[in-house]
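S.K.: Okay, here's the structure, questions in a sec.
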Amino acid sequence: MTGNPLFICILWHMHQPFYKDPFNNYYRLPWVRLHGCKDYLDMLEILLEFPDIKQVFNFTPSLLEQLIDYTENHAKDQYLEITLKKADELTIEEKVFILENFFLANWDNMIKPFPRYFDLLKKRGFHVIKKDLPRISNYFTKDDYLDLQVLFNLCWIDPLFRNKDSFLKELSEKGRGYSEEEKSLLIEKQFSIIRNIIPGYSSAVKKEQIEISVSPFYHPILPLLCDTDSAKIALPDIKLPRKRFSHPEDAINQVKTGVEYFEKIFGYRPIGMWPSEGSVSEEVLKIISNEGIRWIATDEDILAISLGRQIRDSLRNVTDPELLYKPYQFNNVSIIFRDHIISDLIGFIYSKWDSKHAADDLINKLLHIRNSLPGNKPYLVSIILDGENAWEYYKNDGHDFLRYFYSALSSEKRLKTITPSEYIKNFDAGEPLKKLHAGSWIYANYAVWIGHEEDNTAWDYLTEAREELELFQKMNPDKDLSKAWKAIYIAEGSDWNWWYGDEHTTETQKDFDELFRFNLMKVYQEIGKEIPSHLYIPVLREDRSILPSITIRGFIEPKIDGIVTSYYEWYQAAKLDIKKAGGSMHKSESMLSTMYYGFNKDKLFIRLDPSFPFDEMPDDTRITIYILGKTNIKSVIPLKKDLMGEIFSKKGDDWLKIKDIKDYSIKDIFEFSISFEDLNSKIGDELRLFVLLSRNSEELERCPWRGYISITVPSPDFEAMMWY
């Protein structure tokens with residue numbers, strides 16, 4: 001490509017679920033407030049250092065509503081209330097809450113930079129049993145708790161503001177021995193930062209350096225609101241909810257009210273939209289178009305399926321860049337399709353790299369794309385990702401990477417940033433698409449939000465509550481039901497089903513489950529109906545099978561030596577990502593990172609990869625492998641090298657020892673094998689397994705976090721059958 005620069009559209013998506021408890025108006029979780037101090041205003045202020053760089057910021061109305069609630073309505077969350085309480089007046093329950101929750105931050109990049117904070121983490125223990133926290137709390141002094149109250153909130157203030165504000169800089173340098181007055185002023189600083197977010201972005205729009213786009217109000221999957229049957233377009237065999245949900249009028253409402261709320265806050269109507277989770281369908285495009293939206297964005301896989309063309313080869317290289325790097329149109333709405341690989345590099349990979357090296361690599365990749373394109377017309381690369389959650393995994397909250405990247409972009413004349421509206425106006429609104437595939441930016445389908453038993457249960461509960469509300473409204477047309485309808489629209493948000501099913505897990509999963517059910521309970525309360533008993537029961541199930549990210553592909557014969565002898569020895573095994581949590585919920589560090597399991601015709605094999613070396617774990621830690629079938633077996637294996645592993649069999653209510661075992665090794669990794677004969681299992685039997693790490697009979701960690709892994713004892717011709 002010669003002549004034209006390659007145009008780059010960078011879109012940062014800013015969103016938080018609606019955390020408010022509908023019954024007490026308290027925010028269940030603090031992430032709107034804490035991300036508000038760390039991840040919104042700094043992104044803008046860093047960008048403003050580079051006036052030649054243009055970008056798009058997408059704000060969900062539900063996030064804006066919560067930010068305003070904090071700054072104008074004095075909204076509270078439990079974390080804030082416990083922070084503001086004087087340290088010498090804390091109850092034992094509040095002290096336990098602090099020890100459990102005030103280390104919810106990235107340990108390496110947010111806690112370790114404060115030596116006192118990291119010392120307090122070590123004092124509490126990296127991996128503690130919840131039952132022990134009341135006892136542990138007695139070892140913490142009033143000054144310890146006061147420092148914890150300050151440091152938790154201080155580490156969630158962006159380093160840009162900690163360095164720029166003299167009080168925050170002094171507080172950071174002080175490091176310990178804080179006063180109640182300093183704590184109160186720190187919280188005032190938090191709210192000052194949050195108050196500047198919306199005015200700051202409004203000002204940048206007037207300077208024409210940024211464009212702000214919007215999402216549907218409470219972040220629903222619009223195509224599923226229109227019709228849950230649309231999930232079958234991408235996945236014909238998907239199991240759908242018992243009740244079909246088909247309310248395009250709700251999709252219209254979520255888009256319409258989202259646009260109207262945006263206009264109320266910023267003073268103009270947006271013309272760009274990021275549909276929640278990049279979820280699109282032909283019906284949804286009509287709805288979006290009718291609200292005056294002129295462009296949207298989604299994922300490249302949607303384009304590939306819509307065109308019926310391969311965009312990448314088996315090595316994920318773009319095979320036809322002229323197809324991907326331009327806008328298209330459907331129903332008079334321009335659509336840009338994000339480069340999935342480049343977006344994910346920023347979101348998940350570059351955080352592990354040296355910042356300068358990562359920025360240089362990104363620039364080189366963009367120049368490579370430019371060189372692969374003809375020079376006869378302009379082209380557009382779209383980089384679109386979460387603008388909040390990646391940065392805590394970067395050193396210095398990603399500032400070094402962003403500054404290197406923006407600086408290189410500013411000086412590289414072959415690359416030029418642009419907003420979608422500017423590109424569409426000046427160059428190309430896009431050629432028409434004959435069809436638009438119904439899917440999201442995750443695997444071009446909706447499987448994250450529908451199809452699993454938990455997802456489908458949630459949809460059925462939503463459908464039932466909505467039916468009751470609609471019937472009541474018809475019978476009582478003059479009654480104000482706005483609170484009930486708001487609860488329905490909140491419950492339609494995608495965030496609840498994000499945490500149902502197998503794909504994602506987090507320590508605060510139960511909070512999400514309760515918030516979903518509480519909003520449906522609110523509907524019944526508002527219409528004076530008895531709350532159904534099932535809404536008092538968690539949708540989350542403990543007794544369920546967990547699917548691995550990679551399934552068993554053939555027999556394995558690993559050497560049980562505690563080291564990765566060869567890449568291929570576990571290649572055919574199933575893989576379960578223990579630490580997988582969607583990258584967004586600030587969970588504390590897991591002791592284990594990955595689990596592999598597989599078999600040959602005679603034996604079952606299990607491998608556990610630690611997050612940190614096994615020899616750094618307490619000596620009295622034990623690994624217990626439960627394998628449940630016709631006979632329930634558990635293998636108890638101590639980390640202490642001079643103790644022997646043992647196998648037990650369940651007899652009635654008792655576990656009876658069968659024998660000592662030697663078929664395991666604990667070094668770099670944990671490797672274990674057991675014969676199907678010892679498991680009293682034959683071909684075709686189902687085995688359910690899970691692993692516990694414990695100390696003194698108290699659970700430290702469970703893998704999987706809930707449920708179990710299901711395997712079927714193979715026949716000798718299992719591998720031959722895998723070819724068919």
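S.K.: Take Ile198 and decide whether it is surrounded by 15 or more Cβ atoms within 10 Å (Cβ to Cβ) and assigned to a helix (DSSP H, G or I).
M.R.: yes
S.K.: Residue by residue through segment 592-619, note down the ones that are of a type outside the set (Phe, Trp, Tyr), assigned to a strand (DSSP E or B) and under 14 Å from Phe718 (Cβ atoms).
M.R.: Passing the criteria: Gly598, Lys603, Leu604.
S.K.: When you check Gly451 against the structure, is it farther than 23 Å from Ile384 by Cβ and either touching a residue at least 12 places away in the same chain (Cβ under 8 Å) or assigned by TED's automatic domain parsing to the domain that holds Val255 (or both), yes or no?
M.R.: Spelling it out, Gly451 is indeed farther than 23 Å from Ile384 by Cβ and either touching a residue at least 12 places away in the same chain (Cβ under 8 Å) or assigned by TED's automatic domain parsing to the domain that holds Val255 (or both).
S.K.: Is there a residue being crowded, with 23+ Cβ neighbours inside 10 Å, touching a Leu at 6+ places or on another chain (Cβ under 7 Å) and either over 27 Å from Lys232 (Cα atoms) or not basic (Lys, Arg) (or both) anywhere in segment 290-298?
M.R.: yes
S.K.: Pull up segment 228-242, narrow it to residues that are in a helix (DSSP H, G or I) and not aliphatic (A, V, I, L, M), then point me to the one that is nearest to Thr463 (Cα to Cα).
M.R.: Thr228
S.K.: Okay, next question. What residue, of Leu148, Leu222, is more than 26 Å from Gly398 (Cα to Cα), of a type in the set (A, V, I, L, M) and buried (at least 18 other Cβ atoms within 10 Å of the Cβ)?
M.R.: After applying the criteria, what remains is Leu222.
S.K.: May I ask you to list the residues in segment 541-578 that are aromatic (Phe, Trp, Tyr) and either under 19 Å from His452 (Cβ atoms) or free of Cβ contacts under 8 Å to residues at least 60 places away in the same chain (or both)?
M.R.: Tyr567, Tyr568, Trp570, Tyr571
S.K.: Return the residues of segment 39-64 that are in the same structural domain as Cys155 (by TED's automatic domain parsing), part of a helix (DSSP H, G or I) and within 17 Å of the chain's Cα centre (by Cα); say none if nothing qualifies.
M.R.: Residues satisfying the conditions do not exist here.
S.K.: Would you check if there is a residue in segment 647-661 being assigned to a loop (DSSP other than H, G, I, E, B), touching a Phe, Trp or Tyr at 6+ places or on another chain (Cβ under 9 Å), modelled with pLDDT under 95 and not assigned by TED's automatic domain parsing to the domain that holds Glu507?
M.R.: no
S.K.: Across segment 411-465, what is the total count of residues that are under 25 Å from Leu307 (Cβ atoms) and small (Gly, Ala, Ser)?
M.R.: So the answer is 8.
S.K.: Looking only at segment 631-646, which residues are in contact (Cβ under 8 Å) with a residue 12 or more places away in the chain, part of a loop (DSSP other than H, G, I, E, B) and closer than 18 Å to Leu692 by Cβ?
M.R.: Asn632, Leu639, Lys640, listed by residue number.
S.K.: Determine whether His357 is over 15 Å from Pro5 (Cβ atoms), in a helix (DSSP H, G or I) and within 24 Å of the chain's Cα centre (by Cα). Let's see the steps before the verdict.
M.R.: Working: over 15 Å from Pro5 (Cβ atoms): yes; in a helix (DSSP H, G or I): yes; within 24 Å of the chain's Cα centre (by Cα): no.
Criteria not met by His357.
S.K.: Taking the options Glu677, Glu699, name whichever one is assigned by TED's automatic domain parsing to the domain that holds Phe612, modelled with pLDDT under 90 and out of contact with any Cys (no Cβ under 7 Å at 6 or more places or on another chain). Quick ask: steps written out before the conclusion?
M.R.: On the way: Glu677 fails: modelled with pLDDT under 90.
Answer to the selection: Glu699.
S.K.: Check Leu80, Leu41, Leu84 and return the single one that is buried (at least 21 other Cβ atoms within 10 Å of the Cβ), in contact with a helix residue (DSSP H, G or I) (Cβ under 8 Å, 6 or more places away or on another chain) and in contact (Cβ under 8 Å) with a residue 24 or more places away in the chain.
M.R.: Leu41
S.K.: Just need a number here: residues in segment 177-213 that are out of contact with any helix residue (DSSP H, G or I) (no Cβ under 8 Å at 6 or more places or on another chain) and at positive phi.
M.R.: 1
S.K.: Look through segment 527-585, keep the residues that are at pLDDT 85 or above and among the acidic types (Asp, Glu), and return whichever of them is nearest to Leu515 (Cα to Cα).
M.R.: Glu530
S.K.: Please give the number of the condition Leu409 fails out of (1) more than 20 Å from Trp295 (Cα to Cα); (2) not assigned by TED's automatic domain parsing to the domain that holds Glu322.
M.R.: With respect to (1) more than 20 Å from Trp295 (Cα to Cα); (2) not assigned by TED's automatic domain parsing to the domain that holds Glu322, Leu409 is out only on (2).
S.K.: Moving on to the next point. Being within 24 Å of Asp511 (Cα to Cα), touching a residue at least 12 places away in the same chain (Cβ under 8 Å) and loosely packed, with under 14 Cβ neighbours inside 10 Å narrows it down to one residue among Lys142, Lys131; which is it?
M.R.: On the way: Lys142 fails: within 24 Å of Asp511 (Cα to Cα).
After ruling out the rest, the residue left standing is Lys131.
S.K.: If you don't mind, there's one more thing I want to ask. From the list Lys416, Lys395, Lys474, Lys483, which residue is under 27 Å from the mean Cα position of the chain (by Cα), of a type in the set (Lys, Arg) and farther than 30 Å from Lys232 by Cα?
M.R.: Lys395
S.K.: Can you name the residue in segment 182-211 that is touching a residue at least 40 places away in the same chain (Cβ under 8 Å) and among the small types (Gly, Ala, Ser) and is also farthest from Asp77 (Cα to Cα) among such residues?
M.R.: By that ranking, first place goes to Ala204.
S.K.: Here is a follow-up. I'd like to check something: does segment 478-487 contain any residue that is more than 30 Å from Glu701 (Cα to Cα), of a type in the set (A, V, I, L, M), outside any helix (DSSP H, G or I) and in contact (Cβ under 8 Å) with a residue 24 or more places away in the chain?
M.R.: yes
S.K.: Can you go through Glu249, Glu208 and tell me which one is out of contact with any Lys or Arg (no Cβ under 6 Å at 6 or more places or on another chain), within 15 Å of Ile488 (Cβ to Cβ) and among the acidic types (Asp, Glu)? Spell out how you get there, then give the answer.
M.R.: Details: Glu208 fails: within 15 Å of Ile488 (Cβ to Cβ).
That would be Glu249, the only listed residue that is out of contact with any Lys or Arg (no Cβ under 6 Å at 6 or more places or on another chain), within 15 Å of Ile488 (Cβ to Cβ) and among the acidic types (Asp, Glu).
S.K.: Looking only at segment 551-570, which residues are out of contact with any Lys or Arg (no Cβ under 8 Å at 6 or more places or on another chain) and in a loop (DSSP other than H, G, I, E, B)?
M.R.: Thr551, Ile552, Arg553, Gly554, Ile556, Glu557, Lys559, Ile560, Val564, Ser566, listed by residue number.
S.K.: Let me ask something else. If you check Asn153 against the conditions, is it within 15 Å of Phe114 (Cβ to Cβ), without any contact (Cβ under 8 Å) to a residue 12 or more places away in the chain and polar (S, T, N, Q)?
M.R.: It is false that Asn153 is within 15 Å of Phe114 (Cβ to Cβ), without any contact (Cβ under 8 Å) to a residue 12 or more places away in the chain and polar (S, T, N, Q).
The values are calculated or read from the model by the stated rules, or taken from the named source; none is laboratory data. Because the structure is a prediction, the values reported are computed rather than measured. Methodologically, a virtual Cβ is constructed for each residue, glycine included, from the backbone with ideal geometry; neighbour enumeration extends over all protein chains shown.
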